[in-house]
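Take a look at the structure set out below.
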Amino acid sequence: MKISIIGTGYVGLVTGTCFAEVGHSVTCVDSDLNKVELLQSGGIPIYEPGLGEMVTRNVAAGRLQFTTSTSEGVANSEVIFIAVPTPQQSDGSVNMSYIETVAREIADCITSYRIIVDKSTVPVKTAEKVAATIRRYRRANVEFDVVSNPEFLREGFAVEDLMKPDRVVVGVASQRPVAAMREIYAPFAAPFIITDTNSAELIKHAANSFLALKISYANALSVICEAAGANVQEVTRGMGLDNRIGSRFLQAGLGFGGSCFPKDLHAFIKISEELGYDFRLLKEVQNINASQMERFVKKLEEALWVLNGKTIGVLGLAFKQNTDDVRQSPAIDLCLRLQREGANLRVHDPQAMHKARPILTGVTYVDDMNLVADDCDALIIATEWPQFASVDFARARKRMRAPILLDGRNLLDPSKMEELGFIYKSIGR
Ligand code: UDX
């Protein structure tokens, strides 16, 4: 199948590359000339495990190409995926101008039947609006279909999630595009759900909000566990073994961040409001997430009393492990708070330091994770990178001014850290 993908961000680039990997012929379009030139010369603009080799392999095989021209992408393909950003606006609603612009560009250059697929996370009814826009601006009276095909990939595991999806959701307004969508996804051998476009769009909102709710539930439990002298990891393990609940996304910590959950929650609350429903349950999910950070900072204050003038080591800047993405990162949020309190920071992240530098200034970036703790009054684990478990904590303990270790991701074994002489605090344990 000949496919074009408009927008080569996390979703667009990984989707296009995985489509090429299973044999489709893919043209990736992006208006950013620098990004397209980087990709054409073999570079990768994001860190995503496994992606670089896959791009190189498929470019070499002639199945994957990059261009800045939407008309070239549209001319070269039967199916056009829209994967441009849908950023959050200050009132919580979603900025749809990138999608609208692409819809008009497509309208301007289609000359025969095309299937246009919304891949970006969008408010319900977007497929209907994209169809109306193309109908309004198309030059010739060309036929087309708009399909909603939401993406569920997690950053850091994007290639894995795309190659082995739990399900493929396809929302259509007519049966005509179904065969092509089946053909595109046949190699991925996943359950295929065909529904109307509005339901498909709501599946995405509902799924992400539910996952955020699961995390907030675990975080709320962590507060109870601390008060009751229980261990939240034991409690969530016991819950999660019930198949109806499942053990994933029950990890208590500093709260969720990233470019999706906070934005999608905001947007879903706003959309529900517009549709006449006050989704208070989801507002509480947001509140619990915010209070998790407050509680963590309070724990640090209890340990150190005054933060002003203290040196604090922070391990982790990305919003989670396996990514260089710092958008809406709880770790960055924490660093900025500590800075406002007058603390000096020594920070490290295995992948995200280059993206953190412009937004987190006036801190010491430390290349070696083992040296972060040197001369610190406290050390914090802010992101769940697994390699942080193998920091040389015995050495760190000796180099610190005070042995205070706060684990915001429950990564370490409390008894081992106490054996090493740390005053160790984590979340709900
Ligand atoms: C998410 C969804 O998982 C994905 O399906 C959707 O399409 C895009 O949004 P992503 O934002 O890449 O993916 O990251 P995810 O792995 O879901 O983690 C989101 C945040 O939740 C991170 O900050 C992570 O640290 C936090 N988290 C996750 C927890 O605090 N506890 C958990 O148990 C799981």
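Residue selection: Leu360 satisfies the criterion of being outside any helix (DSSP H, G or I), modelled with pLDDT of 95 or more, more than 23 Å from Ala252 (Cβ to Cβ) and touching a Cys at 6+ places or on another chain (Cβ under 8 Å). Taken over region 395-413, residues that are open to solvent by 40 Å² or more (accessible area, probe 1.4 Å) and either over 25 Å from Phe256 (Cβ atoms) or of a type outside the set (Asp, Glu) (or both) amount to 6.
For region 340-357, enumerate the residues that are out of contact with any Lys or Arg (no Cβ under 9 Å at 6 or more places or on another chain), part of a loop (DSSP other than H, G, I, E, B), open to solvent by 50 Å² or more (accessible area, probe 1.4 Å) and touching a residue at least 12 places away in the same chain (Cβ under 8 Å). The answer is Gln351, and nothing else. Residue count for region 134-176, restricted to those that are touching a Lys or Arg at 6+ places or on another chain (Cβ under 6 Å) and more than 16 Å from the ligand (Cβ to nearest atom): 3. Any residue at all in region 172-188 that is of a type in the set (S, T, N, Q) and open to solvent by 20 Å² or more (accessible area, probe 1.4 Å)? Taking every residue of region 172-188 in turn, at least one turns out to be of a type in the set (S, T, N, Q) and open to solvent by 20 Å² or more (accessible area, probe 1.4 Å). Restricting to region 29-55, name every residue that is part of a helix (DSSP H, G or I) and surrounded by 14 or more Cβ atoms within 10 Å (Cβ to Cβ). Within region 29-55, Lys35, Val36, Leu38, Leu39, Leu51, Gly52, Met54, Val55 meet the criteria.
Tell me, yes or no, whether region 242-261 has at least one residue that is assigned to a helix (DSSP H, G or I) and either surrounded by 12 or more Cβ atoms within 10 Å (Cβ to Cβ) or without any contact (Cβ under 8 Å) to a residue 60 or more places away in the chain (or both).
Yes.
Scanning region 297-318 for residues that are within 12 Å of the ligand (Cβ to nearest atom) and either farther than 19 Å from Val372 by Cα or among the polar types (S, T, N, Q) (or both) yields a total of 0. Ile380 meets all of the listed conditions (1) within 29 Å of Pro85 (Cβ to Cβ); (2) surrounded by 24 or more Cβ atoms within 10 Å (Cβ to Cβ) but one, namely (1). Suppose the filter is assigned to a strand (DSSP E or B) and either at pLDDT below 95 or crowded, with 22+ Cβ neighbours inside 10 Å (or both); does Ile80 pass it? Yes, satisfied.
Go through region 302-319 and give me each residue that's free of Cβ contacts under 8 Å to residues at least 12 places away in the same chain and either in contact with a Ser or Thr (Cβ under 7 Å, 6 or more places away or on another chain) or not aromatic (Phe, Trp, Tyr) (or both). Working first, answer last.
Quick first cut of region 302-319, residues free of Cβ contacts under 8 Å to residues at least 12 places away in the same chain only: 302, 305-306.
Scanning region 302-319 gives Glu302, Val306.
Considering region 1-28, the residues that are farther than 19 Å from Thr70 by Cβ and within 16 Å of the ligand (Cβ to nearest atom) include one that is surrounded by the most Cβ atoms within 10 Å (Cβ to Cβ), namely Val14.
So which strands (runs of 3 or more DSSP E) stay within region 96-195 end to end and still have 2 or more residues that are assigned by TED's automatic domain parsing to the domain that holds Ser69 and under 23 Å from Glu274 (Cβ atoms)?
Values: elements: 114-118, 144-148, 168-171, 192-195.
Per the criteria, 144-148, 168-171.
Each residue in region 263-279 was checked for being open to solvent by 20 Å² or more (accessible area, probe 1.4 Å) and within 15 Å of the ligand (Cβ to nearest atom), and 3 of them qualify. Here region 225-247 is the region considered, the condition is being in contact with a helix residue (DSSP H, G or I) (Cβ under 9 Å, 6 or more places away or on another chain) and farther than 26 Å from Val297 by Cα, and the residue that is nearest to the ligand (Cβ to nearest atom) is Ser247.
The residues of region 275-333 that are under 20 Å from Arg401 (Cβ atoms) and hydroxyl-bearing (Ser, Thr, Tyr) amount to a single one, Thr311.
Does region 99-109 contain at least one residue that is surrounded by 15 or more Cβ atoms within 10 Å (Cβ to Cβ), closer than 25 Å to Lys320 by Cα and aliphatic (A, V, I, L, M)? Scanning region 99-109 turns up no residue that is surrounded by 15 or more Cβ atoms within 10 Å (Cβ to Cβ), closer than 25 Å to Lys320 by Cα and aliphatic (A, V, I, L, M). Here Ser329 does not qualify as open to solvent by less than 20 Å² (accessible area, probe 1.4 Å) and not assigned by TED's automatic domain parsing to the domain that holds Thr364.
The values are calculated or read from the model by the stated rules, or taken from the named source; none is laboratory data. Predicted model, so just to flag it, every value in this text is computed and none were measured. Here the Cβ is made from the backbone with ideal geometry for all residues, glycine too, and neighbour counts use every protein chain on show. Heavy atoms of the whole protein, side chains included, go into the accessibility calculation; ligands, DNA and RNA do not. Shrake-Rupley method; radii C 1.70, N 1.55, O 1.52, S 1.80 Å.
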